[in-house]
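Contents: one structure, followed by commentary.
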Number of protein chains: 2
Amino acid sequence: MNTTFLKACKGEEVSYTPIWIMRQAGRYLPDYHKVRSKVTFLELCKAPELAAEVTLQPVDILGVDAAILFSDILVPLEAMGLTLEFHEKRGPVFPEPVRDKAAVDRLIVPDPEEKLGYVMDTIRILRKELKDKVPLIGFSGAPFTLATYIIEGGSSKSYFQTKKMMYEAPDLWAALLDKITDCTISYLKAQAAAGAQALQIFDSWAGVLGPGDFAEYALPYVQRIIGELKGAGVPIIYFANNGATLLELAKTSGADVLGLDWRIKIGDAIARLGQDVSVQGNLDPCALLLPPDKLEQRVAKILEQAKAARGHVFNLGHGILPETPPEKAKLVVELVHRLSKRM
Amino acid sequence: MNTTFLKACKGEEVSYTPIWIMRQAGRYLPDYHKVRSKVTFLELCKAPELAAEVTLQPVDILGVDAAILFSDILVPLEAMGLTLEFHEKRGPVFPEPVRDKAAVDRLIVPDPEEKLGYVMDTIRILRKELKDKVPLIGFSGAPFTLATYIIEGGSSKSYFQTKKMMYEAPDLWAALLDKITDCTISYLKAQAAAGAQALQIFDSWAGVLGPGDFAEYALPYVQRIIGELKGAGVPIIYFANNGATLLELAKTSGADVLGLDWRIKIGDAIARLGQDVSVQGNLDPCALLLPPDKLEQRVAKILEQAKAARGHVFNLGHGILPETPPEKAKLVVELVHRLSKRM
């Protein structure tokens, strides 16, 4: 098996820098559209054969060093008893936002094999199909990020309702986050048991919190998840998006790898983080629009700076954009492999 | 006149910390709604008597130490020849996005007194009405932020079209940004000539750029504006929103004051910036939901850390939210005054 990705996560020696791309199984690939045209997004998440098919596409097309399960961070919230809809323009919608004690009390902590069995089935299919070609990454949302969706009823600009609960009803906030955390722990444990060889926790909206609020209202739940998962024996990646001011706190999550968005110079991040953690990132997804020579310069710059890290997994600093030409994604993979071998 | 605000901008000694609030003339005030209900948003911007009326409201109601002109950063783009619409849900819309050379060539650099005279008229009315009670702040958008709106055709999530032009057509980008910069320079000069006693440059979307891109594609235009405005003799505030990783670069803009969003600990920002610049900020707008005792703790923490700054203007880290109870805004002003006097 190509274990380069797993080695970089743990800070072990590698002969080149491994790369995978957030949302690598997705809308920029014509092959994805072929599958997706037959079903809705949520149906695709729940159809293990199809979800496995789109998961494998970028492994073959791009030559990345890891596969990541095709799914969505919000499906466990549906399993907790909420209605989840995906609207073409608005994105995810929870028609009945969770904003009071009764709504929090109604949430269940599901048995993942029972309520989210389709995810574990997808993982089991993938492990067979991948035949140990590259490792398979499982994932979940972080409790704070998941909470924002169900409190706001979807995406938000100001996160007013979320912070309103945090500030005005801290006990209710803690009760809600504890339940989401319990659900996430058993969900990620089930993914590892089904065969996921690494786990990424996406804290997509962590960056709307200042360091004080992040430390008080978001981080403790991530720490609990990662603490509980140590026994699973798989590397854990924590990605606090837009989290330049949260880096030192994010490190206390206990993750093996910290994901970095493109807003920070990777060299600066590594200098602040030191040598007990690996890093993942952080090319601006829009940089894939650059002409090849300029793209190569950017990739080289990141690789050069990241030599100082304990371990480096190359990635974009955010999900690949639907408008990206697939050949540019392929080029990034080739560049990372070629340039890092030379270094 | 209450010159506390102007003194803090220049780093001169003050007996208490001055405060104003971004969007202090706005939707959280019932008094604002009374005026706004009679006209559209754009009509309000263009009616000097009404714009002056809403500008004055927070000075009387909250007791802030500066007034800020009621207007919108996008009106100069309309004066450059573009159609600007405000939709209730989508926000600002430019129905004909600027994406090629022909569209850039069509843009004019307007004479501000001719095409934006209503802004200067508002300023002249305000200076009379304020009777030197508190200073009046004028403002503009920064060229990068203004460019995003006309390239994307409104707000954006990924700023794909903006970065596409930056990366694929750097000469076109430079031509567009130069024109916007020329317009902004004469616009801000006209505001100062009409009586604005300080000027803030809002770079609301600077935070979507990594430091390298910010230095190459956004900062030089801000530097040119501020360089040209030195002769106007008014303090200049530059607010690169979500710019924790851009601080040292933002300082090279030449601004007297740097605005800080709430994502960074103000003490950390001051330590990085040193003593040649004042700072403005940076309470999370959502913190106004906290119970009074906890709100007081947060205000005190910011004031305590900001004692290390050359000068400090208290503000929120982003515009005040429409959902904010006005009495909480009033409380923040009282707290800042009371606590800083004690320190």
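The values are calculated or read from the model by the stated rules, or taken from the named source; none is laboratory data. What you see is a predicted model, and the numbers here were worked out from it, not measured in a lab. Heads up, the Cβs are rebuilt from the backbone with ideal geometry, glycines too, and the neighbour counts pull from every protein chain shown.
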Completion exercise
Among the residues of region A:27-53, the number that are in a helix (DSSP H, G or I), of a type in the set (K, R) and surrounded by fewer than 18 Cβ atoms within 10 Å (Cβ to Cβ) is 2
Fill in the blank from the handout: Considering region B:157-189, residues that are surrounded by 20 or more Cβ atoms within 10 Å (Cβ to Cβ) and under 25 Å from B:K10 (Cα atoms), and then whichever is nearest to the other protein chains (Cβ to nearest Cβ), we arrive at B:T181
Problem - Verdict on A:T162 being within 18 Å of the chain's Cα centre (by Cα) and of a type outside the set (A, V, I, L, M) - result: no
Exercise for the section: Could you list all residues from region B:63-99 that are within 30 Å of B:A8 (Cβ to Cβ) and hydrophobic (A, V, I, L, M, F, W, C)? Expected result: B:V64, B:A66, B:A67, B:I68, B:L69, B:F70, B:I73, B:L74, B:V75
Exercise for the section: Scan A:G81, A:G63, A:G91 and give me the residue that is among the small types (G, A, S) and modelled with pLDDT under 95. Expected result: A:G91
Exercise for the section: List the number of the failed condition for B:E228; all other conditions in (1) crowded, with 23+ Cβ neighbours inside 10 Å; (2) in contact with a helix residue (DSSP H, G or I) (Cβ under 7 Å, 6 or more places away or on another chain) hold. Expected result: (1)
Problem - Test for B:G243: is it at pLDDT 95 or above, surrounded by fewer than 24 Cβ atoms within 10 Å (Cβ to Cβ) and either in contact with a helix residue (DSSP H, G or I) (Cβ under 8 Å, 6 or more places away or on another chain) or among the basic types (K, R) (or both) - result: no
Problem - Members of region B:243-287 that are among the polar types (S, T, N, Q) and within 14 Å of B:M22 (Cβ to Cβ) - result: B:Q280, B:N282
Fill in the blank from the handout: By residue number, the members of region B:239-250 that are more than 13 Å from every other protein chain (Cβ to nearest Cβ) and touching a Leu at 6+ places or on another chain (Cβ under 6 Å) are B:A250
Handout entry: Residues satisfying the stated conditions in region A:1-32, i.e. closer than 22 Å to A:R338 by Cβ and acidic (D, E)
Key = A:E12, A:E13
Problem - Subset of region A:13-26 [modelled with pLDDT of 95 or more and either surrounded by 13 or more Cβ atoms within 10 Å (Cβ to Cβ) or under 18 Å from the mean Cα position of the chain (by Cα) (or both)] - result: A:V14, A:Y16, A:T17, A:P18, A:I19, A:W20, A:I21, A:M22, A:R23, A:Q24, A:A25
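For (1) within 25 Å of A:K157 (Cα to Cα); (2) touching a residue at least 24 places away in the same chain (Cβ under 8 Å), each residue gets a yes or a no:
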| residue | (1), (2) |
| --- | --- |
| B:Y167 | no, no |
| B:L177 | no, yes |
| B:I180 | no, yes |
| B:T184 | no, yes |
| B:G195 | no, yes |
| B:E216 | no, no |
| B:Y221 | no, yes |
| B:Y238 | yes, yes |
| B:G243 | yes, yes |
Fill in the blank from the handout: region B:65-156: strands (runs of 3 or more DSSP E) wholly inside it with 1 or more residues that are surrounded by fewer than 22 Cβ atoms within 10 Å (Cβ to Cβ) and of a type in the set (V, I, T) are B:91-93
Exercise for the section: Within region B:215-230, count every residue that is within 14 Å of another protein chain (Cβ to nearest Cβ) and within 18 Å of the chain's Cα centre (by Cα). Expected result: 1
Problem - Residues (crowded, with 19+ Cβ neighbours inside 10 Å and within 21 Å of B:V234 (Cβ to Cβ)) located in region B:274-298 - result: B:V277, B:S278, B:V279, B:Q280, B:G281
Fill in the blank from the handout: Only unsatisfied item for B:G233, checking (1) more than 14 Å from chain A (Cβ to nearest Cβ); (2) at negative phi; (3) surrounded by fewer than 21 Cβ atoms within 10 Å (Cβ to Cβ), is (2)
Completion exercise
Of B:L29, B:L62, B:L6, B:L44, the only residue that is within 18 Å of B:V119 (Cβ to Cβ) and of a type outside the set (G, A, S) is B:L44
Problem - Options A:L209, A:L116, A:L146: the member that is in contact (Cβ under 8 Å) with a residue 24 or more places away in the chain and within 12 Å of chain B (Cβ to nearest Cβ) - result: A:L209
Problem - Evaluation of B:S204 against (1) more than 14 Å from every other protein chain (Cβ to nearest Cβ); (2) within 17 Å of the chain's Cα centre (by Cα); (3) of a type in the set (S, T, Y) (one fails), failing number - result: (1)
Exercise for the section: Within region A:293-327, track down each residue that is within 29 Å of A:K10 (Cβ to Cβ) and of a type in the set (D, E). Expected result: A:E296, A:E304
